[in-house]
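My structure is below; once you've seen it, I'll send some questions.
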Amino acid sequence: MRLVVARCSVDYAGRLSAHLPLATRVLMVKADGSVLVHSDGGSYKPLNWMSPPCSLVVAEPDDEQRAAGVTELWTVTHAKTNDLLVVSLHEVLSDSSHELGVDPGLVKDGVEADLQKLLAEQIELLGDGHTLVRREYMTAIGPVDILARDGDGRSVAVEIKRRGEIDGVEQLTRYLELMNRDPHLAPVSGVFAAQEIKPQARTLAQDRGIRCLVLDYDAMRGMDDVHARLF
């Protein structure tokens, strides 16, 4: 990645036109070819950019541009649309390149797999007397996140989401309809578990006899600071 801090103006021409007047900015040239223009504000978003596939050509300014103070001209052309990003550099304050290597990607915390593992380990959150049968119980239409049994030995199918919405309730409904045809499992009740359950999803679940369970992720992983709570 190349990072250039420079006083520059920027013009974009294509499906829309935009102009950034002369100011000090950060120019980021990534290994994938993208070029981004950042300021010291405006949150994380660049002021302007060109996404790949694109090509960067660095050229000397003409006499008129040089007279206006331009020392270097960057022209970034998109390969598919022919949109242009033109950066007119007046003064380069810093220019450095860094080899970042292969990025492993973002590892999200609190995803459904984490919630499933924690709930399986703390199956008593479903209620007293519940026991775990197995995680990822396979059906003909896909795996149910958790299959458990309640205190009376009846089957309980649990669908887990980070955010509980109507489509998750519909998914669990399909599992329940199928599982209740199996005499070895029936009767099977359902639990819709999520960190947050939308009101419409809760209403639909209750209408279908499905119990809703809100999961406190921090408490489940032992990071809930009871002293920080306001009662």
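The values are calculated or read from the model by the stated rules, or taken from the named source; none is laboratory data. These figures come from a predicted structure and were not determined experimentally. Backbone-built Cβ (ideal geometry, glycine too); neighbour counts: all protein chains shown. Accessible surface is based on the protein model in full, side chains and every heavy atom, while ligands, DNA and RNA are left aside. Shrake-Rupley method; radii C 1.70, N 1.55, O 1.52, S 1.80 Å.
Based on the mean of other Cβ atoms within 10 Å per residue, sort peptides 114-122, 157-165, 196-204 so the most packed one is first.
Going from most to least packed, we get 157-165, 114-122, 196-204.
Angle, helix 166-179 long axis vs. longest principal axis of the chain, Cα atoms, 0 to 90°, nearest 10?
That helix lies at roughly 40 degrees to the long axis.
Using mean Cβ contacts within 10 Å as the protection proxy, how do 54-66, 91-103 order, highest first?
Per-residue mean Cβ counts within 10 Å order the peptides as 54-66, 91-103.
What net charge is computed for the residues neighbouring residue 7, neighbours being all others with C-beta under 9 Å from the C-beta of residue 7, Lys and Arg scored +1, Asp and Glu -1?
Cβ neighbours under 9 Å give a net charge of 0.
In the chain, carbon and sulfur make up what percent of the accessible area (probe 1.4 Å)?
52
Then there's this: Tell me what the chain gives for mean residue ellipticity at 222 nm when only DSSP H runs of n ≥ 4 count, each as -39,500 (n - 2.57), the sum divided by the residue total, rounded to 500 deg cm²/dmol.
Helices in the chain give a 222 nm mean residue ellipticity of -5000 deg cm²/dmol.
I would also like to ask the following. Using only alpha-carbon positions, what ratio does the radius of gyration of the stretch 83-174 give when scaled by 2.2 N^0.38 Å?
Expressed relative to 2.2 N^0.38 Å, the Cα Rg reads 1.94.
Moving to a separate point now. Return the sequence-ordered ³J(HN,Hα) values of the stretch 27-37 in whole Hz as given by the Karplus equation 6.51 cos²θ - 1.76 cosθ + 1.60 applied to θ = phi - 60°, using x for Gly and Pro.
9, 10, 10, 8, 5, 7, x, 5, 10, 10, 10
So who's got an amide H within less than 5 Å of the one on residue 90, skipping anything under 5 residues away but keeping other chains? H placed 1.01 Å off N, in plane.
7, 8, 9, 71
Taking the Cα atoms of the stretch 116-231, what is the range of coordinates along each of the three principal axes, in descending order and whole Å?
For the stretch 116-231, the Cα spread along each principal axis is 49, 29, 22 Å.
Rounded, prolate or oblate: which fits the stretch 18-117, taking a ≥ b ≥ c as square roots of the Cα gyration tensor eigenvalues, rounded meaning a/c under 1.5, else prolate when a/b beats b/c?
prolate
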